[in-house]
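Heads up: the structure comes next, in structure tokens.
The values are calculated or read from the model by the stated rules, or taken from the named source; none is laboratory data. Just so it is clear, the model here is predicted, and its values are computed rather than measured. Cβ placement follows ideal geometry from the backbone for every residue including glycine, while neighbour counts extend to all protein chains displayed. Please note that ligands, DNA and RNA were not included when accessible areas were found on the heavy atoms of the full protein model with its side chains. Shrake-Rupley method; radii C 1.70, N 1.55, O 1.52, S 1.80 Å.
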Amino acid sequence: EVGDDVFGDDPTVRRLEARVAELFGKEAALFVPSGTMGNLISIMTHCWDRGSEFVVGDKAHVHVFEQGGTAQFGGAHPRALSTSDDGTIGDAATVAAAIRTDNEHFPVTRCVALESTHNLCGGAVLPLAYCEDVCGAARNAG
């Protein structure tokens, strides 16, 4: 049984989205057919204004392998930080220092993109405490 997903009447996609939302404790989920599309949507969700910036590791998949889609299609500028062997991009203070606020000379940072598991770092999984620390620093920076 299939339907047109554009109109929300494909029962298979609707069941999949509902199940994933339930698994993650979210209100809803969105099926996309590729990781590249999911990454682009994720960045563009936060970087609405063309010329917005996102902080990312210089070895992150979204930065290295996706043909500059965030800039090409989303108009989002990557601010790449050095990626350590464990997949981290510096401690919370380092990431916070890279976040730029509204200034007519620079793009405004709208999000921080962390990769986990990290493809170019041997599949490294970022520790939850690290993700929480970086997320807290980003929120504190605005």
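Brief remarks follow.
- Label-to-label distance, nm, for residues given as C131 and F106 (7 Å Cα→Cβ offset): 2.7
- Residues of the range 10-43 with amide N under 20 Å of the 7 Å Cα→Cβ point at V64: 35-40, 43
- Three-way shape call for the range 69-142 based on the alpha-carbon gyration tensor, with the a/c threshold at 1.5: oblate
- V32 contributes an accessible area of around 40 Å² to the protein surface, as traced by a 1.4 Å probe with all chains present.
- Furthest towards positive pole of dipole, C121, T36, G142, structure part the chain, Cβ charges: G142
- Two-site FRET efficiency, N140 against S84, from Cβ-Cβ distance with R₀ of 35 Å, rounded to 0.05: 0.95
- Gain on full extension, evaluated as 0.36 nm per residue between A21 and I41 minus their Cα-Cα distance, stands at 5.5 nm.
- Projecting the alpha carbon convex hull of the chain along each direction and taking the average yields 9.9 nm².
- Checking every one of the GluC sites (Glu not before Pro) in the range 78-132 against DSSP loop status and a limit of 10 other Cβ atoms within 10 Å picks out E104.
- Computed on the range 60-142, with alpha-carbon pairs under 8 angstrom and 6+ residues apart, the relative contact order is 31 percent.
- Sites counted here are trypsin sites (Lys or Arg not before Pro) in a DSSP loop (not H, G, I, E or B) having no more than 13 other Cβ atoms within 10 Å; the longest part of the chain that contains none of them is 51-142.
- Each principal axis of the Cα cloud of the range 16-58 was taken in turn, and the coordinate range along them, longest first, works out to 35, 19, 18 Å.
- Using C-alpha pairs under 8 Å with a sequence gap of at least 6, the mean separation divided by the residue count of the chain gives a relative contact order of 20 percent.
- Qualifying chymotrypsin sites (Phe, Trp or Tyr not before Pro) for the range 53-142 [loop in DSSP, other Cβ within 10 Å: at most 16]: F65, F73
- With R₀ set to 25 Å, the beta-carbon distance separating S116 from V6 gives a calculated FRET efficiency near 0.20.
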